[in-house]
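Participant: Here's a structure for you.
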Amino acid sequence: GNEYDAGIIPTLELTLRENENATENHLHVVNNEIGFQEANLYALCTHGKSTRRGKGETGGEKVGEQGIGFKSVFAVSKSPSLFSGPYHLQFKSTADDSLGYVVPHPVPNPPAQLRKGCTNIVLPLKAKAVAHVITLLKALDLTLLLFLKKLRSLRVTLEDGVAVQYTRSDSAGGRAEFVRQVAEVGQPKYARSVVVYSLVDTELTVPASLLNKLGDRSVTTARMTLAFPHGSLQPQQVFASRPIGERGFDFVIRADFSLPSTGPDIPVNAWNKWLRDHLPKLFQTAVLRFQSDDELCSTFYRFVPLATEITDPFFKPVVSGIHTALRKSPCVQTADGRWLPPDQICFPPAGGLGSVVTPADLTMCK
C-alpha cells in the first residue's frame, strides 16, 4: 500500500477506543492511501515477502524488521482486521509465536466506524497489552514524520479524548517545519507549537567487497539522513527501522542499520560499521550547506559532538571522524566573510592585533 492520490495530504490516524460494551480496547488505524493490491495482501500473509525495497538484515527501506512487518501486531492483538478497497479480512496466525503464515478470513459485516475511502486496520487489544500500547502511542512524536518518505500528517487520539496531531511541510534547502497541535476532542481551542529541522541526506552505494562479505546482493544502496533542529538544543534520537534511543548527539541520525528483533543496541557488524563510518562525511556536507543558511551559518558549531558526550562505544569513532573531517574543511568564517579551514585561521586577542591590522592590510601583504 502507501500510494496516495494527487492532492491528498498523506495522513495516518491512530485512535484508541473501547468497544460498544466497554469490555475491550481496540486500536483503530486509518491511512488515506489508495488501498491494498493483491501483492500487498500476499506480503502480509507470508514471512519476509514485503513489497518494500530492501531486506531487514542489511537495511534498505522496509519498515518491518527481520521479515516480520505486519505480523508483529500479533504481539498485541489476537485477531487484527484489515479493510482496504475490496478486501475486508480478519487475520489469524498459524504459529504460536505469530511469525508463521497468516491466514485471512473474510469479514461479511465490517464495523460501522470505518473511514470510507481509506485503509482501516482494527486491532482488538489483548488485556495485558493495553498499557504497553498506550505507552507507545504517547511516545510517538514528530520524529516519526522525519524519515517516512510520504507521510505528512500523524494524529493520535487516546481514550481520554486528548488528540495530538503532527503535520509536516517542506521548503527549499532541505528545511522541514513540524506543527504540533494538542486538543480535547470536541473542543474548539488547541495548543500549537512549531519545530523546524534542516535535513541532509545521502544514498550510499554498497561496495562489492561488502556485498561479498555479507553474501547478500539484493541490497545495493543504503540511505542516511541527519536532521538538525533549529532553536534550543536537546538530545536527539538515533533511528533505523525503529527508534534506537538517544546516544548523546544533538542532531537526529537515521540510517539503515541492521537491528536485532528486540533491544536498543546496534550490533557491531560489517554492515553497521560501514554505515557508521559514513556519518562524518555527511556531517561535513551539512556544515558546508549551512554556510548559506542565515541561522545555522553561525550556530552549527553547537552540533559538533565532543568525546565526553558520546558514551556508546559503537558511535565513539563518529566523534573523531567528524573532528578530522572538519579540520580539512572550510568551516570557519573570517572577518571578511570567507570560509577557510581551521588551520588557516588566526584569532587575535580582543582589542589587540585586530584593531591595528585590518583584513584589507593583510590582503596587501600577499
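Participant: Given 25 °C and 0.890 mPa s, how large is the Stokes-Einstein diffusion coefficient of segment 101-161 in µm²/s, with Rh as the Kirkwood radius over Cα pairs? If you can, show how the numbers build up before the last one.
Facilitator: Values: Rh = 14.8 Å.
It diffuses with D of about 165 µm²/s by this estimate.
Participant: Shifting gears a bit: Would you kindly derive the ³J(HN,Hα) couplings of segment 107-117 from the backbone phi angles with the Karplus curve 6.51 cos²θ - 1.76 cosθ + 1.60 (θ = phi - 60°), listing them in order in whole Hz, with x for Gly and Pro?
Facilitator: Karplus-based 3J(HN,Hα) across segment 107-117 equals 10, x, 10, x, x, 6, 7, 5, 8, 5, x Hz.
Participant: Return the carbon/sulfur percentage of the accessible area of segment 195-248, one whole number, probe 1.4 Å, all protein chains in place. Kindly include the intermediate steps, with their values, before the conclusion.
Facilitator: Values: 1150 of 2390 Å².
With neighbouring chains kept in place, the figure for segment 195-248 is 48 percent.
Participant: Moving on to the next point. Just how many % of Cα pairs in segment 243-328 lie over 19 Å apart, if you round to the nearest whole percent?
Facilitator: 41 percent
Participant: Taking Cα centroids, how far is segment 142-178 from segment 253-317 in Å?
Facilitator: Spelled out, the Cα-based centre of one part sits 23 Å from the other.
Participant: Name the long-range amide H neighbours of F239: under 5 Å, sequence gap of 5 or more, or other chain; modelled H, no Pro or chain starts.
Facilitator: I244, I253, R254, A255
Participant: Suppose R0 equals 45 Å; then what is the FRET efficiency for I8 and K328 from their Cβ-Cβ distance, rounded to the nearest 0.05? Each step should come with its number before you reach the end.
Facilitator: Details: r = 46 Å, r/R0 = 1.01.
For R0 = 45 Å, the calculated efficiency reads 0.50.
Participant: Over segment 118-231, one equal point on each Cα, no solvent: what is log10 I(q)/I(0) by the Debye formula at q = 0.10, 0.18, 0.20 Å⁻¹?
Facilitator: Each listed q corresponds, in turn, to -0.49, -1.02, -1.10.
Participant: Moving on to the next point. Under Stokes-Einstein, with the Kirkwood radius over Cα pairs standing in for Rh, what whole-number D in µm²/s applies to segment 130-194 at 25 °C and 0.890 mPa s? Let's see the in-between values first.
Facilitator: Values: Rh = 12.9 Å.
Taking Rh from Cα pairs, D becomes 191 µm²/s.
Participant: A follow-up question, please. From the phi angles alone, apply the Karplus equation (6.51, -1.76, 1.60; θ = phi - 60°) to segment 196-205 and give each ³J(HN,Hα) in whole Hz, x where the residue is Gly or Pro.
Facilitator: 10, 10, 9, 9, 10, 9, 8, 10, 9, 8
The values are calculated or read from the model by the stated rules, or taken from the named source; none is laboratory data. Given the structure is predicted, the values throughout are model-derived calculations rather than measurements. Methodologically, a virtual Cβ is constructed for each residue, glycine included, from the backbone with ideal geometry; neighbour enumeration extends over all protein chains shown. All accessible areas refer to the heavy atoms of the entire protein, side chains included, with ligands and DNA or RNA removed. Shrake-Rupley method; radii C 1.70, N 1.55, O 1.52, S 1.80 Å.
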